[in-house]
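Asker: Take this structure first; my questions come after.
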Amino acid sequence: MENGYATDSAMSALLSTPLEDSDPELYELIKSERKRQRQGLEMIASENFTSVSVLQVLGSCMTNKYSEGLPGARYYGGNQYIDKIELLCQKRALEAFRLKPEEWGCNVQPYSGSPANMAVYTALLQPHDRIMGLDLPDGGHLTHGFMTANKKISATSIFFESMPYKVDPTTGLIDYDRLAENARLFKPKIIIAGISCYSRCLDYKRFREIADENGAYLFSDMAHVSGLVAAGVIPSPFDYSDVVSTTTHKTLRGPRSGIIFFRKGVRSVDKNGQKVMYDLESRVNQAVFPSLQGGPHNHQIAATATALLQAQTPEFKRYQEQVIKNAKALCAGLQKRGYKISSDGTDVHLILVDVRSAKLTGAKAEFVL
């Protein structure tokens, strides 16, 4: 120290010293977590192991830059390369899911899946508008309007009126007939086709029919299966949806981030033969910023861009094909040993096992594994 100020050499050392030397306590904890991930049996379906390229981008200079706004319309200067990277990410997002830019647009700024979903609701709804999503105990997600009989849990049930739909308890499959019946009574503005713990492909065509019957938007949350969709090994929600959201760190195998896709062009034709156009682009973009978020996380956007490039390779497709084969093989093996599987099988990367026949709780089964 000189005159109460750090010397240039001391400041330089503070910025350039590796973590192992600057913070050995944290370094050892990270080493332990890395060892746990590599040596443990990782069976959490919403987790994945991302690539070296993604990790390199996450730890790059991209984390230093502020860039509120959209490419070409920023509130800060110095974003000429940030703009190019975000536009590249948008382009790759459309390419990864085989979407035409004249029919679909996307926003790659959501910090993760829950903020992405909240942005969709903010874009399409007014406070206390009605939504219908799969109930959390039946395999849905918190952000699809979860509440209990006594309490509104998710912000989506606090700010909007929620009526969940459910699975048939005898089959474990979504009860589309009951969903259609309740939608006629409830008249939701959004129907959510999405899961967090459901092992079957969704019938997007049926969802579309129910939404159209009630004048609702169809919002598909493909967070858990987007890698499978990108690889083309399960049906795509894009054929029938108005809006699609996803995380990027589950089966897509990227960083922890989110994307919102929105329809462009003609939505419908009215009774006078006039085209009714989608107006989702500005609504979604404004909902993300400035309504809900500040500056985007540019290191996440750049890392998503490289993950989306990887998702377009033949190797990624083979990987996703093998993921489903592995899930089906595990499912068959457990059934052979007498375990009950919810919905009697799987179409995707996850299975739901009833371990009560072995006199186990889920927590005990996790500990044993």
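Every number here is computed from the coordinates shown, using simple stated rules; none is lab data. No experiment lies behind these values; they were computed from the predicted model shown. Cβ placement follows ideal geometry from the backbone for every residue including glycine, while neighbour counts extend to all protein chains displayed.
Asker: What does the charge count near Ile341 come to, summing +1 for each Lys or Arg and -1 for each Asp or Glu among other residues with Cβ under 13 Å from its Cβ?
Answerer: That works out to +3.
Asker: Sort all Cα-Cα distances of the chain into consecutive 10 angstrom bins from zero, then give the percent of pairs in each bin up to the one containing the longest distance.
Answerer: 5, 21, 29, 25, 13, 5, 2, 0
Asker: Let me ask something else about it. Let me have the 222 nm mean residue ellipticity of the chain computed from DSSP H runs of 4+ only, each contributing -39500 (n - 2.57), with the sum over all residues rounded to the nearest 500.
Answerer: Computed ellipticity for the chain at 222 nm equals -12000 deg cm²/dmol.
Asker: Here's another thing I want to ask about it. Can you list the HN-Hα couplings for the range 64-74, worked out from phi with the Karplus curve (6.51, -1.76, 1.60; θ = phi - 60°), rounded to whole Hz and with x for Gly and Pro?
Answerer: For the range 64-74, the Karplus curve yields 7, 9, 9, 8, 4, x, 10, x, x, 9, 9 Hz.
Asker: Give me Phe219, Phe186 sorted ascending by neighbouring Cβ count inside 10 Å, so fewest comes first.
Answerer: Fewest to most other Cβ atoms nearby, the residues stand as Phe186, Phe219.
Asker: Here is a follow-up. Quick one: if you stick a label point 7 Å off each Cα along the C-beta vector at Asp203 and Thr361, how many nm between them?
Answerer: Those two pseudo-labels are separated by 3.7 nm.
Asker: Once phi is turned into ³J(HN,Hα) by the Karplus curve 6.51 cos²θ - 1.76 cosθ + 1.60 with θ = phi - 60°, what whole-Hz value does each residue of the range 127-132 show in order, with x for glycine and proline?
Answerer: Working through the residues one at a time gives x, 6, 5, 9, 10, 10 Hz.
Asker: I would also like to ask the following. At 37 °C and 0.692 mPa s, what whole-number value in µm²/s does Stokes-Einstein give for the translational diffusion of the range 328-369, with Rh from the Kirkwood sum over Cα pairs?
Answerer: Calculated translational D: 308 µm²/s.
Asker: Whole-Hz Karplus ³J(HN,Hα) for the range 303-320, in order, using 6.51 cos²θ - 1.76 cosθ + 1.60 and θ = phi - 60°, x for Gly and Pro?
Answerer: Rounded to whole hertz, the list is 5, 4, 4, 6, 5, 5, 5, 4, 5, 9, 8, x, 5, 5, 4, 5, 4, 5.
Asker: Compute a Gaussian network model of the chain, connecting alpha carbons closer than 10 Å, and tell me which residue from Ser60, Ser357, Ser22 fluctuates the most.
Answerer: Judging by the Gaussian network model, the answer is Ser22.
Asker: Within the range 309-342, which trypsin sites (Lys or Arg not before Pro) sit in a loop by DSSP and count at most 12 neighbouring Cβ atoms inside 10 Å? All intermediate terms of the calculation are to be shown ahead of the outcome.
Answerer: Details: sites: Lys317, Arg318, Lys325, Lys328, Lys336, Arg337, Lys340; in loops: Arg337.
Answer in residue order: Arg337.
Asker: If you rank Cys106, Cys61, Cys201, Cys89 by fewest surrounding Cβ atoms within 10 Å, what's the result?
Answerer: By the 10 Å Cβ count, ascending, the order reads Cys61, Cys201, Cys106, Cys89.
Asker: What is the set of long-range amide H partners of Val167 at a cut-off below 5 Å, with H atoms built 1.01 Å from backbone N?
Answerer: Result for Val167 returns Asp175.
Asker: Taking only Cα atoms and a 10 Å spring cutoff, compute GNM fluctuations for the chain and point out the largest among Ala149, Ala358, Ala332.
Answerer: Residue with maximal mean-square fluctuation among Ala149, Ala358, Ala332: Ala149.
Asker: I've got another one for you. Please identify the GluC sites (Glu not before Pro) of the range 78-138 that satisfy two criteria: DSSP loop assignment and at most 13 other Cβ atoms within 10 Å. Which are they?
Answerer: Glu102, Glu103
Asker: Quick check on the exposure proxy: order Met11, Met147, Met118 from fewest to most C-beta atoms within 10 angstrom. Walk me through the numbers on the way to the answer.
Answerer: On the way: Met11 11, Met147 19, Met118 22.
Ranking Met11, Met147, Met118 by Cβ neighbours within 10 Å, fewest first, gives Met11, Met147, Met118.
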